[in-house]
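*Asks:* Before we start, here is the structure in question, set down as structure tokens.
The values are calculated or read from the model by the stated rules, or taken from the named source; none is laboratory data. Here the structure is a predicted model, which is why all the values come from computation and not from measurement. Positions of Cβ are generated from backbone atoms using ideal geometry, with glycine treated the same way; all protein chains shown enter the neighbour counts. The protein model used for the area step is the full one, side chains on, heavy atoms only, and it has no ligands, DNA or RNA in it. Shrake-Rupley method; radii C 1.70, N 1.55, O 1.52, S 1.80 Å.
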Amino acid sequence: MAKFLVKKSGPLKGEVTISGSKNAVLPIMAATLLTEEDCTLCDVPALRDVDVMCDFLDSLGAKVVKDLENNKVDVKAEGTIHSEAPFELVKMMRASILVLGALLLRSGRALIHLPGGCAIGERPVELHLKGLRALGAEINEQSLSKGIVDAKADKLHGSTIYLDFPSVGATEVIIMAASLAEGTTILENAAQEPEIVDLASFLNKMGAKIKGAGTDTIKIEGVEKLHGVTHHVIPDRIEAGTFMVSAAITGGRILIKNMLPNHLKAVIAKLRECGTVIEMTDDGVIVDGSVNPLVSTDIKTLPYPGFPTDMQSPFMALLTVAKGPSVVMETVFENRFMHVAEFNRMGASIRTEGKCAIIPGGRSLQGASVVATDLRAGAAVVLTGLVADGTTEVSQIYHIDRGYEHFVDKLKGLGAQIERIEE
Ligand code: UD1
């Protein structure tokens, strides 16, 4: 099993370029199944989740040509697309549920064995199914009680759908399905994340008629056919946020290229509250943690445009060393404090109470053997390792490989002392 060895590093300095967004490319890859024509995706990050999604599309009958060295993937979903998703791939990546609508439209049936809960929470799909039912799909309740989604529909039709929670995945599945449904769909309380906007712009290029993506009400006029297109994926806002924190926590100064600051307003505001100086330039965003000492702040995670849950653990890393106490409230996932035990192994003394973590702050951290409990928590313990005395050994780094392209090389390029060792 591979591990990272992270040593206390000085202030990080230099520049880093952000890769394409994992959470944007996965639904877009699922959407390539909506046409028989060729789709070319550019700025695709070379990540384990992307590899799995390529295998997944291939197993469903699409022709996938992967050139991740050049960040390109080509998909042609011509001919028969199978209705049954292989469980061994579904359980490797929860995002495989995103093909639900596409399978229904292409083969009249979608059969997916749900992978169940994961480290950060249950992650149910009832909102995805509520949407598909409203569009005319029939869901087999008996199968569902056994954890299998078995949906059937000869044809989908437009509808008005209210999401009880602005779920990112449900919004994506419904937009895709409604794009080729007959008539108009209005999706209310939709997720507003930038990845939804990127999916809608991909679908609109293909010929879909989607308006309002990025707001809480999305209107989709169904069309008869979608076409093949070329699309450049947006930069990864969570990777950008993670590197912003790396500069802040080490008291460094870095230039972040290919980052869209508008997608990170909440993170930028919170970093500024902690004393980090952030400047937008024509070249990119300069994050300077060398000007002021870090001070504490409180965080509450929310759906976009609120503070992203995916930035909660990286930001908590910073709060462990900032001067003064902080409270972090996690409202999106029910069990997303697994990293607290890892931080505490390093001396952070954090206490959790329900949805809140209470962080005393101002700690001198000690290197320890810690676990990457999920993707973002993995990045977070690497960040604490950069400022902890001695060496921090991070195991289960396959989680980090799922979502950070060339993480070690990018950090080393900024002066971080980090090595990957294969055991
Ligand atoms: C996506 C992101 C993930 C991010 C999350 C929230 C991808 C591939 N993943 O995940 O990185 O952390 O958005 O920003 O884009 N919920 C329900 N019922 C449902 C669906 C969701 O209760 O039917 C709940 C979930 O349990 C969770 C919350 O809603 O507590 C958010 O889930 P959702 O927005 O659906 O996240 P994902 O699309 O799974």
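*Asks:* Just to verify a result, which residue in segment 311-331, among those that are within 24 Å of ASN23 (Cβ to Cβ) and surrounded by fewer than 22 Cβ atoms within 10 Å (Cβ to Cβ), is farthest from the chain's Cα centre (by Cα)?
*Replies:* Among them, the one singled out is MET329.
*Asks:* Still on this structure, I have one more. Which ranges mark the helices (runs of 4 or more DSSP H) fully within segment 342-423 that have 3 or more residues being under 30 Å from GLU69 (Cα atoms) and either open to solvent by less than 10 Å² (accessible area, probe 1.4 Å) or modelled with pLDDT under 95 (or both)?
*Replies:* Those helices (runs of 4 or more DSSP H) span 375-387, 398-401.
*Asks:* Can you tell me which of LEU135, LEU60, LEU89 is in contact with a helix residue (DSSP H, G or I) (Cβ under 8 Å, 6 or more places away or on another chain), at pLDDT below 95 and among the aliphatic types (A, V, I, L, M)?
*Replies:* Among LEU135, LEU60, LEU89, only LEU89 is in contact with a helix residue (DSSP H, G or I) (Cβ under 8 Å, 6 or more places away or on another chain), at pLDDT below 95 and among the aliphatic types (A, V, I, L, M).
*Asks:* Give the residues of segment 77-118 that are under 19 Å from ASP154 (Cα atoms) and among the basic types (Lys, Arg), sorted by residue number.
*Replies:* The answer is ARG106, ARG109.
*Asks:* Going through segment 270-313 one residue at a time, which ones are within 16 Å of the ligand (Cβ to nearest atom) and assigned to a loop (DSSP other than H, G, I, E, B)?
*Replies:* LEU302, PRO303, TYR304, PRO305, GLY306, PRO308
Residue-by-condition table, conditions (1) among the polar types (S, T, N, Q); (2) at pLDDT 95 or above; (3) open to solvent by 30 Å² or more (accessible area, probe 1.4 Å); (4) in contact with a helix residue (DSSP H, G or I) (Cβ under 6 Å, 6 or more places away or on another chain):
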site	(1), (2), (3), (4)
LYS155	no, no, yes, no
SER159	yes, yes, no, yes
VAL173	no, yes, no, yes
LEU180	no, yes, yes, yes
THR184	yes, yes, yes, no
ALA190	no, yes, no, yes
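*Asks:* Between a residue in segment 382-411 that is of a type in the set (S, T, N, Q) and any residue that is open to solvent by less than 10 Å² (accessible area, probe 1.4 Å) and at pLDDT 95 or above, which pairs come within a Cβ distance under 6 Å, given they are 6 or more apart or on different chains?
*Replies:* That search, which allows pairs on different chains as well, returns THR384/ALA317; THR384/MET346; THR384/LEU365; THR392/VAL6; THR392/GLY385; GLN396/ALA372.
*Asks:* Mind listing whichever residues of segment 242-258 are crowded, with 24+ Cβ neighbours inside 10 Å and outside any helix (DSSP H, G or I)?
*Replies:* ILE254, ILE256
Residues are listed down the side, and each one gets a yes or a no for (1) within 15 Å of the ligand (Cβ to nearest atom); (2) over 22 Å from LEU41 (Cβ atoms); (3) in contact with a Phe, Trp or Tyr (Cβ under 7 Å, 6 or more places away or on another chain):
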| position | (1), (2), (3) |
| --- | --- |
| GLU193 | yes, no, yes |
| ASP198 | yes, no, no |
| MET206 | no, no, no |
| LYS211 | no, yes, no |
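*Asks:* What tally of residues in segment 96-121 results from selecting those that are among the hydrophobic types (A, V, I, L, M, F, W, C) and at pLDDT below 90?
*Replies:* 4
*Asks:* Is at least one residue of segment 54-71 more than 16 Å from the ligand (Cβ to nearest atom), closer than 21 Å to GLY228 by Cα, assigned to a helix (DSSP H, G or I) and open to solvent by less than 60 Å² (accessible area, probe 1.4 Å)?
*Replies:* yes
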